[in-house]
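Since the structure comes first, as structure tokens, the remarks are kept for the end.
Please treat every number below as a calculation from the coordinates, not as lab data. What you see is a predicted model; the values in this text were computed from it and never measured. Here the Cβ positions follow ideal geometry from the backbone for every residue, glycine too, while neighbour counts run over all protein chains shown.
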Amino acid sequence: MILCERGIRTFESSTRSSLDLSSIPVLKKLTHLPVIVDPSHAAGRKDIIPALSKAAIAVGADGLLIEVHHDPENAKCDGMQALLPEEFSHLVDDLKKVAHSLGRAI
């Protein structure tokens, strides 16, 4: 079993959901289960996925679920929240730096 934080519904309208990053260290303290974060679903838009991903790693997430598509404009669903493969590659490099600075491996 894996726990996944995908966001909570709020009255905020600039994102699909509010990503509850505070839940990650709480869950890690209360359970032995791995916790992953889905910033793509929470954001509903691609421009803030890198920042949410870095924050999730910084607070202890064990993994991320990030949508990637080679042609987001023609994706059958969720194209607005899909990174291009090149964008994803750059993000992975940045995430490795964040993890390394915290003494964690990706």
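Charges only on Cβ, +1 for Lys and Arg, -1 for Asp and Glu: so what's the dipole of the chain about the Cα centre, in debye to the nearest 20? Please list the in-between numbers first.
Working: 12 positive and 14 negative charges, 93 e Å.
Dipole of the chain, to the nearest 20 debye: 440 debye.
FRET efficiency for GLU86 and ALA58, Cβ-Cβ distance as r, R0 = 22 Å, nearest 0.05? Provide the component values of the computation, followed by the final result.
Numbers: r = 24 Å, r/R0 = 1.08.
For R0 = 22 Å, the calculated efficiency reads 0.40.
Any idea how many Lys pairs in the stretch 3-101 come in under 20 angstrom at the alpha carbon, given 8 or more places apart or on separate chains?
Taking the Cα cut-off of 20 Å, the pair count is 6.
Which order do peptides 43-52, 84-93 fall in by mean Cβ count within 10 Å, highest first? Mind dumping the intermediate values first?
Values: 43-52: 17.4, 84-93: 13.4.
My ranking of the peptides, most packed first, is 43-52, 84-93.
Just one of [x] 15, 46, 28, 11, 1; [y] 14, 48, 30, 7; [z] 16, 45, 33, 7, 0 is P(r) over Cα pairs in 10 Å bins from 0, in percent as worked out from the coordinates here. Which one is it?
Answer label, from the structure shown: [z].
So how tilted is helix 49-58 from the main axis of the chain? Cα-based, degrees 0 to 90, rounded to 10.
In the chain, helix 49-58 runs at an angle near 10 degrees to the longest axis.
Set Lys and Arg Cβ to +1 and Asp and Glu Cβ to -1, take the dipole of the chain about its Cα centre, and tell me which of LEU27, PHE88, ALA55 lies farthest positive.
Positive-end residue among those listed: LEU27.
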